[in-house]
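Only the coordinates and a few stated rules stand behind these numbers; no lab work does. Since we're looking at a predicted model, the values are computed, not measured. Every residue, glycine as well, gets a Cβ built from its backbone with ideal geometry; the counts of neighbours run over all protein chains shown.
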Amino acid sequence: MLSNTHPYDALMEITARPKTVFVQGKGSWLWDDDGKRYLDFIQGWAVTSLGHAPPAVAQALAEQANRLITPSPAYYNDVALKLAKALVDQSCFDQVFFANSGAEANEGAIKLARKYGSLHKGGAFEIITFEGGFHGRTLATMSASGKKAFEPLFEPKVPGFPKARLNDIGSVEALISDKTVAVMLEPIQGEAGVWPATDAFLKELRALTQQYGLLLIVDEIQTGMGRTGKLFAYEHAEITPDIMTLGKGIGGGVPLAALLATEQASCFEHGDQGGTFNGNPLMCAAGLAVLGEIGKPSFLKSVTDAGLYLESELQRISARHGLGEVRGRGLLLALDLKLPIAMSIVAQAFEAGLLLNAPRPDSLRFMPALNVTRAEIDEMIGPLDAILTKAGVARRVA
């Protein structure tokens, strides 16, 4: 047994963390135990969609905790019913299964597709996914992911996930066989460096899956709940998928996720799916609060406007420093640095009180709160500009 250890050591070492300990948050800001303030453009990887400690979510949690935390998923509860109905009413789907994490929702989507294959497609079980895709850290979702770092881990993987290339419809069709039941993708590949599926590709993919009688699954763990300027990213392409998963921003910071499906695709039988905490009213109350805020008039327009402003500011400093493109949509953007300096930039930004993310060695990812202000964007751009200059990668443009 370890003795005389720092409290840090009580947590399993699963990632490199700075020794800073955060104790408070409000909106776009975090404070550590020394009182230092940080401007947060990660927001828990697009999780705290309304910023830190949003009053609407805090109030909903407090009120619900005093009323009912959970009656068990063996029974209906009023809050889960309200949230499910609200999601169905605002999407193209008919039914909802609530979960606790995006990986769990994606695991459910995989199971649902395989169940559909066993019932309707002669036992077909393969789900075509994409190089660079990321769907979670369970064994099945790691197998479905196209992340190179996952390839040597936890072998043997779960079979049945051939990989196509994003925005290459021919690569998808080449993988279709009598074993294929579905195609699954993120509308924007976040972990790969923020690479969007084009609207044209999504339309082609919907047509192709319908031609072959396949399910289309959209993983909107990161893009859903207003992140791209629409409630769900698939709406940009004007398509209707068969299955969708939500997570991260739907709970505004608490563990909540959802699996949505059309009536035709909803084929679970009793005992096929479940979970002790799934659909508990405490988390669903947070989800209702988040959806209520996002659903306010002009909220999504403000996300679009903030995203366009952030994009233009990133393009400006990219041109100033001779960097690459700005990718993404709404408030999920990446800046191509063209050099493997992203981790150094992130570390320097942290010291300056700015939280940024590097999904790839040559890219920075920006996922601020959906209600981020122009002033806060300016407060991020200034230090980033200075860090790029100090790093010696600036190329002044007259």
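Data table
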quantity	calculated
Trypsin sites (Lys or Arg not before Pro) lying in DSSP loop within segment 174-210, provided at most 14 other Cβ fall within 10 Å	none
Considering only the chain, percent of DSSP beta bridges that pair antiparallel, nearest 5	65
Segment 11-112: GluC sites (Glu not before Pro) in DSSP loop, at most 16 other beta carbons within 10 Å	GLU13
Segment 24-130: C-alpha gyration tensor shape, a/c 1.5 cut-off, then a/b vs b/c	oblate
Karplus 3J(HN,Hα) series, Hz, for segment 20-26 with 6.51 cos²θ - 1.76 cosθ + 1.60 (x for Gly, Pro)	4, 10, 7, 10, 7, x, 8
Where GluC sites (Glu not before Pro) fall in DSSP loop in segment 214-255, at most 14 other Cβ within 10 Å	GLU238
Residue among ASP178, ASP219, ASP94 with the largest mean-square fluctuation in a Gaussian network model of the chain, springs linking Cα atoms under 10 Å	ASP178
Residue of HIS321, HIS52, HIS270 that the Gaussian network model of the chain assigns the largest fluctuation, springs spanning Cα pairs under 10 Å	HIS270
Residues with amide H under 5 Å from that of ALA197, placed H, sequence gap 5 or more	ILE188, GLN189
Vicinal HN-Hα couplings computed from phi for segment 179-188 (Karplus, 6.51 cos²θ - 1.76 cosθ + 1.60; Hz; Gly/Pro x)	8, 7, 10, 7, 10, 10, 7, 8, x, 9
Nonlocal amide H pairs with LYS338, under 5 Å, H built at 1.01 Å	GLY324
Vicinal HN-Hα couplings computed from phi for segment 32-37 (Karplus, 6.51 cos²θ - 1.76 cosθ + 1.60; Hz; Gly/Pro x)	9, 6, 9, x, 6, 9
Long pairs among LYS26/LYS248; LYS82/LYS248; LYS301/LYS338, criterion Cα-Cα beyond 21 Å	LYS301/LYS338
Helical segments meeting 18 Å axial Cα length and Kyte-Doolittle 1.6 threshold in the chain (DSSP H)	281-294
Candidates ARG37, ARG327, ARG67, ranked by Gaussian network fluctuation over the chain, Cα under 10 Å, top entry	ARG67
Amide H contacts of ASN357 (H built 1.01 Å from N, under 5 Å, at least 5 apart or other chain)	ARG365
Cα gyration tensor shape of segment 141-238, rounded if a/c is under 1.5, else prolate or oblate by comparing a/b with b/c	oblate
Within the chain: Cβ-based charge dipole about Cα centre, in debye rounded to nearest 20 (Lys, Arg +1; Asp, Glu -1)	520
